[in-house]
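These notes are about the structure you will find just below.
Just so it is clear, none of the values below were taken in a lab; they were calculated from the coordinates. Computed from a predicted structure; not experimentally measured. Quick reminder, even Gly has a Cβ in these numbers, built from the backbone with ideal geometry, and neighbours come from all protein chains shown.
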Amino acid sequence: MSERAGAALSLGFVTTFITVVVALPIAALAWSASKKGAGGFWDTITNPEALAALRLTLAVAALAALTNAVLGTITAWVLVRDDFRGKSTMNAIIDLPFALPTIVAGLLLLTFYGPRSPVGVHLAFTRGAIFVALLFVTLPFVVRTVQPVLIELDVEMEEAARSLGAGEATTFRRVVLPNILPGILSGVTMAFARAVGEIGAIVLISGNLPYRTEVASVFVFLRIQSGDPDGAAAVAVVLLAISFAVLLVVGGIRRFATKHERP
Amino acid sequence: MNARKLTLRAIALGYLLVILVAPLSLVVWRTFAYDASGAWKALSDPDTVHAFKVTLEAAAVAVPLNTLFGVLCGLAIVRRRFPGKGLVNAFVDLPLALSPVVVGLALFLLYGRTGWFGSWLNGHGYQVLFALPSIVIATVFVSVPFVAREVIPTLREIGDEQEQAAHTLGASSWQTFWRVTLPSIRWAVVYGIVLTTSRCLGEYGAVAVVSGSIQGKTETATLRVQEEYENLNTGGVYGISLVLAAIAVTTLILMSIVKPSEERY
């Protein structure tokens, strides 16, 4: 095979694959949602049950992502700047939510925070359960975006700030935070997207009560089950738009961070 | 200073304990302490065995396919210029940010009776929805990004000087790929394969939409967990979950072995 034919073949495979596997199904979804026209689309997503599900999803996802922004930054800091026995195990455990099937994650939380909770915290079928499930699945994101930046960040800069009289809080705010902020932001944004789309970890523990604990993904799922795929498509397109927006934001943060990188 | 360090360490460890470690330990303990025989019985049930088989079959297609795609896509995005590159890049990332249920619905609409592909396929006697092909297609979709996302930064980091040197010395593109490029990205590929595999084995939302969850036919391992939960078969729920969790923990160990070796570049 000539060089040029090989190159064209591999490029052809890449573009065909992504078109058939990802782009065409997405186009079919958009097409289906547009069938009822703008008015029909608007009516479907502003139906009270759909609206309640979307509101709940966005609120709890944002809360979980922000909580993990704080706790994830602390965890990343401990992993990089602290040293104790078992740290490498701790580092490995962080990835558990990426490796564990989400339905199993839901079961773990239902066992620990459900009716037979050994610690007496009974969250099953409440919004609190959704929050905990989303904390679980989004836990690694901020840790894994902040950790590499902290490793690269020179400890000497922090020491210089301290020796010049800056307190711990000032050093963190003026020296550490500006460097890790792009990492925190892109981690939080990806965590938010992940949380908005989650179903597996939620479906067992939330009870899926309409208006109370029904999240957007479950709403879409139940609409399909009840034979209304076009109605499901409208809400699904809202979720799709959020996903694209998140990817745009993350791409923007990445470009900003590389442009302002110190050599 | 020391007190601050200890406080932060306690917060981080305490958080991991209440969210990850304690729930996982409790499930392990309850499986063995309460219903070990029930768990074993559920695991040897033919429908459960079949469910694991379906999961493995889907992964057996998705992992090699997405490994090939991931490496070629990484090379195309980092080393080449072509029209539509931005779009390819965006669609590769999309499954990371998109709800699996939305993925399932998109496939449902494309391959359904009236869908663009579905009407043709059904007309020619091919059943995709509520059958194995839809499970495979959904699994391929959700696991698209992982190899590509690992390979792309690594390719950027190693640069193309070595590849150009190989070219100048008369190596063909094929030789350059096998002798120069692939050896230097191999750990990224391995790491990507591990991530792809665990995503495939754990897939739930997309498969739940397209498979129809028919017992003994189109049920995957994760759908089986839900089935057993709905049947109030506690032993089954815990048994199957424990096997899946054991695979996940093995994955974590593999990942922590592979990760430090990235520094060998």
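Brief remarks on what is shown
- Reach of residue B:53 by Cα under 18 Å, taken over lysines that are not fewer than 8 positions away in the same chain: B:41, B:217
- Selected from B:188, B:107, B:138, residue furthest toward positive end of dipole (chain B; charges at beta carbon): B:188
- Additional length obtainable on full extension of the chain from residue B:214 to residue B:250, 0.36 nm per residue less Cα span: 10.0 nm
- Stretchable slack from residue A:52 to residue A:226, in nm (0.36 nm times residue separation minus alpha-carbon distance): 60.8 nm
- Rounded D (µm²/s) - chain B, Kirkwood Rh over Cα pairs, Stokes-Einstein at 4 °C, 1.567 mPa s: 61 µm²/s
- Here each label is just a point 7 Å from Cα along the line to Cβ, and for residue B:186 and residue B:57 those points are 3.4 nm apart.
- Applying a DSSP loop filter and a limit of 14 other Cβ atoms within 10 Å to the trypsin sites (Lys or Arg not before Pro) in segment B:1-100 leaves B:80, B:81.
- Candidate lysines - alpha carbon under 30 Å from residue B:85, same-chain residues fewer than 8 apart omitted: A:35, A:259, B:259
- For the peptide B:70-79, the mean number of other protein chain Cβ atoms found within 10 angstrom of a residue's Cβ is 3.
- Summing Cβ point charges (Lys, Arg +1; Asp, Glu -1) relative to the Cα centre of the protein assembly as shown gives a dipole of roughly 580 debye.
- Pair residue A:212, residue A:20: separation of 7 Å Cα→Cβ label points (nm): 4.7 nm
- Between the C-alpha center of segment A:47-81 and that of segment B:73-130 there is a gap of 28 Å.
- Radius of gyration (Cα atoms) of the protein assembly as shown, expressed as a multiple of 2.2 N^0.38 Å: 0.99.
- For segment B:147-265, pairs of C-alpha atoms spaced more than 19 angstrom apart make up 62 percent of the total.
- Viscosity 1.306 mPa s, 10 °C: Kirkwood-radius Stokes-Einstein D of segment B:1-146 over Cα pairs, µm²/s: 80 µm²/s
- Gain upon complete extension [residue A:4, residue A:163; 0.36 nm per residue less C-alpha separation]: 51.2 nm
- Cβ-Cβ FRET estimate between residue B:87 and residue B:21, R0 fixed at 51 Å, reported to 0.05: 0.75
- The distance from the alpha carbon centre of segment A:85-163 to that of segment B:215-257 is 21 Å, rounded to a whole number.
- Eigen-decomposition of the gyration tensor built on the alpha-carbon atoms of segment A:41-177 gives equivalent ellipsoid semi-axes of 36, 21, 13 angstrom, largest listed first.
- Basic side chains Lys and Arg get +1 at the Cβ, acidic Asp and Glu get -1 at the Cβ, and with that the dipole of chain A about its Cα centre reaches some 240 debye.
- Take each residue in B:107-113, count the other chain C-beta atoms within 10 Å of its C-beta, and the mean is 6.
- Computing FRET efficiency as 1/(1 + (r/R0)^6) for residue A:82 and residue A:245, where r is the C-beta to C-beta distance and R0 is 45 Å, gives about 0.80.
- In the protein assembly as shown, helical runs assigned H by DSSP with n ≥ 4 each contribute -39500 (n - 2.57); averaged across all residues and rounded to the nearest 500, the mean residue ellipticity at 222 nm is -24500 deg cm²/dmol.
- Computed over chain A with a Gaussian network model linking Cα atoms closer than 10 Å, the most mobile of A:206, A:226, A:32 is A:226.
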